[in-house]
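Take a look at the structure below.
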Amino acid sequence: MDGVIAVGDRLINLMEQAEGRNVDIYWLDDNFGDVLKAHIYIGNQFICEAVEKPRYNKARIEQTNEDLEFCYFFFGYKLDVLIIVIHTDTEFLA
C-alpha cells in the first residue's frame with residue numbers, strides 16, 4: 001500500500017491470492033474524474049493498492065536515464081509474471 005509496484009516474492013504472493021478469484025476495486029477520484037487512489041479487495045479483505053503503470057518515452061532519441069531505468073524494471077516485472085505463469089499453469093506449457 002505504499003504506491004510501489006510489486007515484484008519478486010511480493011508479486012508472487014499477490015498473484016497467488018487473486019488467482020481464479022473475483023476481485024473488487026474501489027477508487028477515490030478527484031473533481032475532474034482522475035483516480036487519486038485505488039484499492040483491490042477480495043470479499044472484505046484488502047489485498048493491495050492499484051498503481052498506475054508509469055509512462056515512459058519509447059522513442060530512443062527522447063529517452064532519459066529515468067525512462068531507461070523503468071524499461072529495465074518493467075522487463076524484470078514481465079519476466080516475474082511469465083515465470084509465475086510457467087510454474088503454476090500446466091496448460092501454458094502444452
Q. What residue among I12, I61, I40 has the largest mean-square fluctuation in a Gaussian network model of the chain, using Cα springs under 10 Å?
A. I61
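Quick one: compute the contact order of the chain, relative version, from alpha carbon pairs under 8 angstrom and 6+ residues apart, as a percent. Could you put the intermediate results ahead of the total?
On the way: 76 pairs, mean separation 20.6, N = 94.
Relative contact order of the chain: 22 percent.
Taking Cα atoms of region 33-94, Rg/Rh with Kirkwood Rh, to two decimals? Spell out each step's value before the answer.
Values: Rg = 16.4 Å, Rh = 14.9 Å.
That ratio equals 1.11.
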Q.
Pick from A50, A59, A38 the residue whose mean-square fluctuation is largest in a GNM of the chain, springs joining Cα atoms under 10 Å.
A. A59
(Q) Eigenvalues of the Cα gyration tensor times 5, then square-rooted: what semi-axes does that give for region 1-52, in whole angstrom, largest first? (A) 22, 14, 7
Q | Spin-label model distance (nm) - Y72 vs W27, 7 Å beyond Cα toward Cβ | A | 3.1
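Quick one: compute the contact order of region 1-52, relative version, from alpha carbon pairs under 8 angstrom and 6+ residues apart, as a percent.
Working: 60 pairs, mean separation 17.5, N = 52.
Taking the mean separation of contacting Cα pairs over the length of region 1-52, I get 34 percent.
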Q) Given springs between every Cα pair under 10 Å in a Gaussian network model of the chain, which of F32, F70, F46 has the largest fluctuation? A) F32
**Q.** region 30-46 - phi-based ³J(HN,Hα) in whole Hz, Karplus 6.51/-1.76/1.60, Gly and Pro as x
**A.** 8, 5, 9, x, 7, 6, 8, 7, 9, 10, 10, 10, 10, x, 9, 8, 5
Q: Enumerate the amide H contacts of C48 below 5 Å, restricted to partners 5 or more residues apart or on another chain; note that Pro and chain-start residues carry no placed amide H.
A: I40
Q) Using θ = phi - 60° and the Karplus curve 6.51 cos²θ - 1.76 cosθ + 1.60, what whole-Hz ³J(HN,Hα) does each residue of region 68-77 get, with Gly and Pro shown as x? A) 5, 4, 5, 4, 5, 4, 5, 4, x, 4
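Rule-based calculations on the coordinates, nothing more; no lab input. Here the structure is a predicted model, which means the values were calculated and not measured. A quick note on method: Cβ atoms are made from the backbone with ideal geometry, for glycine too, and the neighbour counts reach across all protein chains shown.
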